[in-house]
Amino acid sequence: MSEETLFTRIVDGEIPSYSVYEDDTTYAFLDANPLTPGHTLVIPKEPYERFQDVPADLAADVFAVVHALTPAVEAAVDAPASTIAINNGETAGQEVAHVHWHIIPRFEDDGTGPVHALFEYADLDEDRMASIAAAIRENE
Ligand code: AMP
């Protein structure tokens, strides 16, 4: 775990943010480059890089905040829906190496589709599906 990230500097107040929630373990603030009005980031205060690096009890704390904030964020900007996502790792587009949940309010006219629109469907036969499922079970 690195000692300092852009987001620990935000938690410490060295870099200003539009804070929306704080407790002992978790901080939430508006994204400085909002994809839609109300775009919010929720982070563990400690700078774990990826989702799987976060201890399970801390991940549960942070996710409880995501759960509580989602309706508050939607209500604040009168959004009928939201996309909740983590860019988990550089290959997935993670730019800040301090894990963060995006809560992105969604609107009828926001011109963006579901997360599925990011991908082309993978063409996998039944053997490949079965072997992937087995490999996941073995790695749990
Ligand atoms: P990701 O690409 O998932 O790592 O997302 C990083 C997010 O951090 C982007 O959506 C940025 O707009 C956001 N961001 C970068 N710097 C700041 C900042 N100083 N305050 C708030 N959000 C920021």
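How many residues does the range 27-51 contain that are more than 11 Å from the ligand (Cβ to nearest atom), within 18 Å of S82 (Cα to Cα) and out of contact with any Leu (no Cβ under 8 Å at 6 or more places or on another chain)? Going through the range 27-51 one residue at a time, the tally reaches 2. Among the residues of the range 1-11 satisfying the criterion of being in contact (Cβ under 8 Å) with a residue 60 or more places away in the chain and within 10 Å of the ligand (Cβ to nearest atom), which is least open to solvent (accessible area, probe 1.4 Å)? Checked the range 1-11; the qualifying residue least open to solvent (accessible area, probe 1.4 Å) is F7.
Taking the numbered list (1) under 16 Å from I104 (Cα atoms); (2) within 14 Å of the ligand (Cβ to nearest atom) in turn, V65 passes all entries but (2). Can you name the residue in the range 68-108 that is of a type in the set (D, E) and within 12 Å of the ligand (Cβ to nearest atom) and is also nearest to D31 (Cα to Cα) among such residues? Result: E95. Looking across the range 91-111 at every residue that is charged (D, E, K, R) and closer than 30 Å to P47 by Cβ, the one that is surrounded by the fewest Cβ atoms within 10 Å (Cβ to Cβ) is identified as E95.
Among the residues making up the range 112-140, those that are modelled with pLDDT of 95 or more and either open to solvent by less than 70 Å² (accessible area, probe 1.4 Å) or in contact with a Leu (Cβ under 6 Å, 6 or more places away or on another chain) (or both) are A130, S131, I132, A133, A134, A135. So which residues in the range 12-26 are within 11 Å of the ligand (Cβ to nearest atom), open to solvent by less than 60 Å² (accessible area, probe 1.4 Å) and in contact with a strand residue (DSSP E or B) (Cβ under 9 Å, 6 or more places away or on another chain), if there are any at all? Answer for the range 12-26, where residues must be within 11 Å of the ligand (Cβ to nearest atom), open to solvent by less than 60 Å² (accessible area, probe 1.4 Å) and in contact with a strand residue (DSSP E or B) (Cβ under 9 Å, 6 or more places away or on another chain): just S17.
The values are calculated or read from the model by the stated rules, or taken from the named source; none is laboratory data. These numbers come from a predicted model, not from an experiment. Positions of Cβ are backbone-derived with ideal geometry, glycine not excepted, and every protein chain shown enters the neighbour counts. These accessible areas exclude ligands, DNA and RNA; they are computed on the full protein's heavy atoms, side chains included. Shrake-Rupley method; radii C 1.70, N 1.55, O 1.52, S 1.80 Å.
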